[in-house]
Amino acid sequence: MSNISRIDTIPISSLNALEYCPRCFYYQVVQGETLVNEFVLEGQLAHQRVHQEGTRVTAEGVIETTRLYLSSETFHLSGFADVIEERAGVVIPVEYKHGHQGNWLNEHIQLCAQAMCLEERLPGKPPIAYGYIFYVASQRRVKVPFTPQLRARTKAAIVQAFQIAARETPPPPLTGKLAARCPPCSLLPLCLPEEVRQLQARSKQRT
């Protein structure tokens with residue numbers, strides 16, 4: 001993959017933000033902005049256990065490695081996996097989310113990117129077939145198959161990430177039904193999406 005951005009490496013977790021909102025991704029990755037609200041704080045608390053590096057063997061014989069650093073020279077990604085499970089030689093990434101059980105593409109892309117990084121450091125082994133997302137509020141884990149469609153969407157997200165990172169200004173705010181994603185976003189006070197949308201509307205009226 002050609003490096004088309006002034007940023008050399010994209011954080012794996014930022015692909016989640018990208019799929020949720022490209023403007024949010026730009027503020028976080030390019031401008032390094034982070035604000036904490038109750039949703040972010042809940043997520044940080046939910047990750048406290050898996051943010052401790054280490055390896056243990058469960059009673060079922062599963063090898064659990066927490067906070068494993070991953071990187072990819074092919075895709076120019078880096079970051080940490082919450083948990084990597086190894087069952088009879090089969091490697092399975094597990095991502096922890098603080099909320100309730102859902103079916104969110106942005107989370108699936110983040111998990112798939114972790115698997116792609118793992119595959120790069122395990123040459124000669126079969127592709128990783130699936131991973132899990134563990135939802136703390138629901139105390140449920142959801143299986144995410146790494147289908148050809150999800151892998152293609154993840155690769156497209158990586159390309160889009162570098163394209164947006166190369167911009168001089170943030171992408172415009174979300175519009176239409178997607179604008180419902182704005183209120184719970186921690187970057188709302190910085191992004192000011194409603195104010196920007198109003199300015200854009202006035203600009204169009206003048207032209």
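The values are calculated or read from the model by the stated rules, or taken from the named source; none is laboratory data. All values derive from a computational prediction rather than experimental measurement. Here the Cβ is made from the backbone with ideal geometry for all residues, glycine too, and neighbour counts use every protein chain on show. Heavy atoms of the whole protein, side chains included, go into the accessibility calculation; ligands, DNA and RNA do not. Shrake-Rupley method; radii C 1.70, N 1.55, O 1.52, S 1.80 Å.
So the values come out like this:
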| item | result |
| --- | --- |
| Condition met for Thr34 (at pLDDT below 95 and crowded, with 19+ Cβ neighbours inside 10 Å) | no |
| The one condition in (1) assigned to a strand (DSSP E or B); (2) of a type outside the set (Phe, Trp, Tyr); (3) in contact with a Gly (Cβ under 7 Å, 6 or more places away or on another chain) that Lys143 fails to fulfil | (3) |
| Odd one out for Glu42, checked against (1) assigned to a helix (DSSP H, G or I); (2) at pLDDT below 80; (3) of a type in the set (Asp, Glu); (4) within 19 Å of Cys191 (Cβ to Cβ) | (4) |
| Options Leu150, Leu190, Leu199, Leu174: the member that is part of a helix (DSSP H, G or I), more than 19 Å from Ile12 (Cβ to Cβ) and touching a helix residue (DSSP H, G or I) at 6+ places or on another chain (Cβ under 9 Å) | Leu190 |
| Near pairs, Cβ below 7 angstrom, 6+ apart or cross-chain, from segment 169-187 (farther than 14 Å from Glu19 by Cα and open to solvent by less than 30 Å² (accessible area, probe 1.4 Å)) to any residue that is aliphatic (A, V, I, L, M) and at pLDDT below 90 | Ser186/Leu35; Ser186/Val36; Ser186/Val40; Leu187/Leu35 |
| Residue within segment 154-165 that is outside any helix (DSSP H, G or I), surrounded by fewer than 15 Cβ atoms within 10 Å (Cβ to Cβ) and under 19 Å from the mean Cα position of the chain (by Cα) present | no |
| Residues of segment 64-91 classified as farther than 25 Å from Val159 by Cα and either β-branched (Val, Ile, Thr) or open to solvent by less than 30 Å² (accessible area, probe 1.4 Å) (or both), total | 8 |
| Test: residue in segment 130-153 that is more than 20 Å from Ile92 (Cα to Cα), within 17 Å of the chain's Cα centre (by Cα), among the aromatic types (Phe, Trp, Tyr) and open to solvent by less than 70 Å² (accessible area, probe 1.4 Å) | no |
| Residues (surrounded by fewer than 22 Cβ atoms within 10 Å (Cβ to Cβ) and either at pLDDT 85 or above or β-branched (Val, Ile, Thr) (or both)) located in segment 1-13 | Ile4, Ile7, Asp8, Thr9, Pro11, Ser13 |
